[in-house]
1. Projected area of the range A:629-765, taken from the Cα convex hull and averaged over every viewing direction, in nm²?
2. Any of A:296/A:539; A:251/A:497; A:292/A:532; A:220/A:336; A:292/A:396; A:296/A:396 with alpha carbons more than 23 Å apart? Name them for me.
3. Nearest 20 debye, what's the magnitude of the dipole of the range A:96-161 about its Cα centre given +1 on Lys and Arg Cβ and -1 on Asp and Glu Cβ?
4. Taking the number of other C-beta atoms within 10 Å as the exposure measure, put B:96, A:425 in order starting with the fewest.
5. Suppose a student asked you for the relative contact order of chain A, using Cα pairs under 8 Å spaced at least 6 residues apart; what percent would you report?
6. Could you give the spread of the C-alpha atoms of the range A:364-477 along their three principal axes, from largest to smallest, in whole angstroms?
7. Name the long-range amide H neighbours of residue A:381: under 5 Å, sequence gap of 5 or more, or other chain; modelled H, no Pro or chain starts.
8. To the nearest 0.05, what FRET efficiency results for residue A:498 and residue A:551 with a Förster distance of 60 Å applied to their C-beta separation?
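Each value in this text was obtained by applying a stated rule to the coordinates, not by laboratory testing. These numbers were taken from a predicted model, which means no experiment stands behind them. Cβ placement follows ideal geometry from the backbone for every residue including glycine, while neighbour counts extend to all protein chains displayed.
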Amino acid sequence: MSLFLIVALPFLGALLPGLMYQAGRNACATATFFVSLTAFLGLMTHMPAVMAGEVVTARVEWLPALGLNFNLFVDGLGFFFAALILGIGMLIIIYGRFYLSRKDNMGEFFTYLLLFQGAMVGIVLCDNILMLLIFWELTSLSSFLLIGYWKHLEEGRQGARMALTVTGMGGLAMIGGMLILGNIVGSYDLTVILENREAIQASPYYIPALLLILLGCFTKSAQFPFHFWLPHAMAAPTPVSAYLHSATMVKAGIFLMARMWPVLSGTEAWFVIVTGAGLVTMVMAAVIALFKNDLKALLAFSTVSHLGLITMLLGTGTPYGALVAVFHILNHATFKAALFMSAGIVDHEAGTRDITRLGGLRKLMPVTFVIATIASLSMAGIPFFNGFLSKEMMLKETTYTTLFGQPLLVPVLATIGALFSAAYSFRLVAHTFLGKERDDYPHHPHDPGFGMWGPPALLCVLVLGIGVAPFLVEPLVFTVTEAVLGSAAALPDEHLKIWHGVNAALWMSVVAVVGGVLLLAAFAPLARGWAKAGPFAAKDAFDAVIATIVALAQGITARLHDGSLTRFAAIFTLTVVAVGAHAWFSGTPAPLTRDPVPLSGPEIAGWLLLVIATVSLLKWHRDRFYALVLMGVVGLVIAVGFAYLSAPDLALTQLSVEVVTVILLLLALNFLPRETPVESSAGRRLRDGALAIGAGLCTGGLIYTMMRGDFLAPSISAYHLENSYKGGGGTNVVNVILVDFRGFDTFGEIIVLGIAALVIYAITEALLSSPVRARLLNRPVEDVAGDPHPLMMVVVTRVMMPIVLMVGIYIFLRGHNEPGGGFIAGLVVAIAVVMQYMASGFAWAEARQRYPYHTIIGAGVFVAGLTGIGAWFFGAQFLASSFGYFRIPPFEEFELATAMGFDLGVFLCVVGAVMLSLESFSRLARRSDTEVSEYAMDIDPSREEQALETGAQAAGKET
Amino acid sequence: MEMLLASAVGVLTAAGVYLVLRQRTFPVIVGTAFLSYAVNVFLFASGRLAINQPPVLSDATAYTDPLPQALVLTAIVISFGMTAVVVMVALGAYLSSQDDHIDDRPEGEDDAQAAAPAAAEEARS
């Protein structure tokens, strides 16, 4: 099966349980199970190749420019982990089906589980570190959902948050580390990185990369001092704990350390950090685990301890250490998943997982007793169980390991760890199942159905099978170890066997087991001492850190971003000015290489006009009408400036937009106060003035140097000038750029314009259906002009209308070759129509409007889009235009270009958008006492004459 | 010429920034319009200045840079759309609260003023 399918299956399958949760719990579980099974079988099809030492790859280039490729590969290590994830996943699915109650939403649970499974499989099969990071974060997110699955439990929510914070933080650090690694090697492909051991270890960035990546691994795998999240994640339903904390989530960090082993290991830094952290974690967590009374907390800390063990082994940097680590990953996954499931069974059936309330379950739950005992003995490291084998090998490895120059340090600590490990394993069995039967269990305990004990029982078969006949898994373990070692080291000459002879490791083992039994015998007084010592609660420290960070963040936000626009506009301006000034003074500006354009008289006059208008506006901006007039002046000067500086299209656009903007603001001023009161203090105005002058100096200086300097890189404009006629069929290059070269941009822009108009319409509708409507209808009449619809204006606008429309069409048609085009034509036509509204009144104009403006906007976007799609039928790209010359007698030869269709869309969209905005404003202006006249003019002599002739009936109608 | 245009951009920016920092909606809207002017002219000028060289193909030997012009053309139209939306938002806020301050004022200052129409609305509905 394709590797892509194996990774995609869980993600696609995640839809199934979510969609079919109403089909019942069995249906959900079955669907989920078969998704995992299919992926598992697909993986198994690669087994022969992998066992033969081959690497199966599947590659798809996604964003090659960024080095982000969807490359997958499966070698021994990836295969091993994927098989664990999918295999144990299937057992968990069966177990979870029977564990969850009717109240739990099974579809939701299995959806999260499959998402998580997919992310995990993605991590282990990924050949691109950028993809790996994405999957890595996906495991953090999906495990958050899983841990917090019981949303009603506060501990569940807290545990989920804590897990997400810690692993997310680690993931963030890892992103940095991975990017450094990719930069050193020059490729983000894992297989390439793994071949560059020398380059990476010689790089000065090796240590930062190592630290950042290890931060990711340690947080994920709960290594000291980031171990504290794992026990809190135990608030999750037991199937989740069994899955995340035996075979998957926490093994992701281990996996990555193993994966990166060939390039990162073998240095002093790696050895000290990884072995050290592993050793501390192993011993500390084993001690804590012994004194935990919650079954799951005990198992959680034992997991942390065993992860520490594996980490320590990987840290040694020897091939033998790697071999033992791989073997223990396998063994730990089997017995720990079984133990979690049996703890879940006890919790489920006895109603509590508090060890102090349990005991004597041996006869009541015989099956669970056998399962838990087998798994516990394996965890304790008793011969003929698989835990014994890897523990024995681990102890052997420690005797060769010298940390900080002390040859005894590692073996002694490892023995202590193993001793406590044996002690808590014995305690788990003894205090839960042995002893006297009690009569105060919350529920009457009994063995569960096969669905719940089947999966752990199967794992116990593996535990015993591997323990008795380790040679069965030897090929697998060796293949995986080979993959871990890569080209960095050769496989050690060892075999997995039960009896290694009487050696140091055996004696250490004996000490651990005997010591474990003695420790358990003395448990009661020890536990009292432990309780008195008051162990340090990592959660409190974590909460305190989080609270401090939150307070800090809130403090900064409250100061910078307190909701006051004025405030953050000022802060923003100040920051930009400061950063810009810093760049200016610390760098060397480009030389002024271009000769200035010579000056003549008129532009100085224009400049004076602009500056005077602006300064006057600042001085008298409180009179809002006056400000509007001055703004119009500035806009006009700019339009003239555009025309003067060889930009006729811009001049036309600026001119027409100016008209529309002023009309718009006039309409708005109809409702707003006419004057701005004096509110700011003089000091504040001074401050704002200083900021404004700073910003002005910056932009002015910047554009001056820019204009006087040459382009730093060759401009693409030459291409546009050259191909405008050849490729676009138009001589107006600006228009050809708009409708052809960058037509897609323009398409987006007209859509934005349309949306803006619809937003305005929507706000108007909302206002008019709120209490504002009543206030608007009844607002006091202020100084009204004597005649709202003056005769002369009505006549002139109506006479002008056809002329303006013709000008619009003319500008539209010539746009491709001469200044003009859809934007300008649209604005001109809109102005012509607005004039009718202004002269003859809203009601009159509305009655004569044939198409609603929304439709015009929609038609515009539709026509523009259709023109673009039309190009597809000729095998061209979206919006590529074509043109030809035609001659219809008696006319002269003329050009037709498909770009005209697009420009028509632009035209319609602009007309619709401008009209819809202005119309919305005018609709607000209607009052209750406004007479809706169906005549254009209030005073019409001819109408009165007519009325006199036809009699009183018509005269009555007029009023 | 460059000096004139650069100083004009500077003046327009300064005016825009100053007005944006005012406390009522209308000057802020006018301020953003001025900033749009400044930005549009700035972008246009980034293509360097030229007189009598419009980018309309003819027998001429040199043309000014057409690309910034095309970009600025749409920018002008879009800035109209933006202004219209902002004006509408400001208008809506003013009509609903009878207050055209850009920021919420400190507690207590406008309670009496704001409470009256709100109470009236409640009574009506």
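1. 12.6
2. Working: A:296/A:539 17 Å; A:251/A:497 25 Å; A:292/A:532 14 Å; A:220/A:336 18 Å; A:292/A:396 29 Å; A:296/A:396 30 Å.
Pairs exceeding the cut-off: A:251/A:497; A:292/A:396; A:296/A:396.
3. 300
4. Details: B:96 17, A:425 30.
Ranking B:96, A:425 by Cβ neighbours within 10 Å, fewest first, gives B:96, A:425.
5. Rounded, it is 8 percent for chain A.
6. 56, 36, 17
7. Excluding prolines and chain starts, which carry no amide H, the hits are A:388.
8. 0.55
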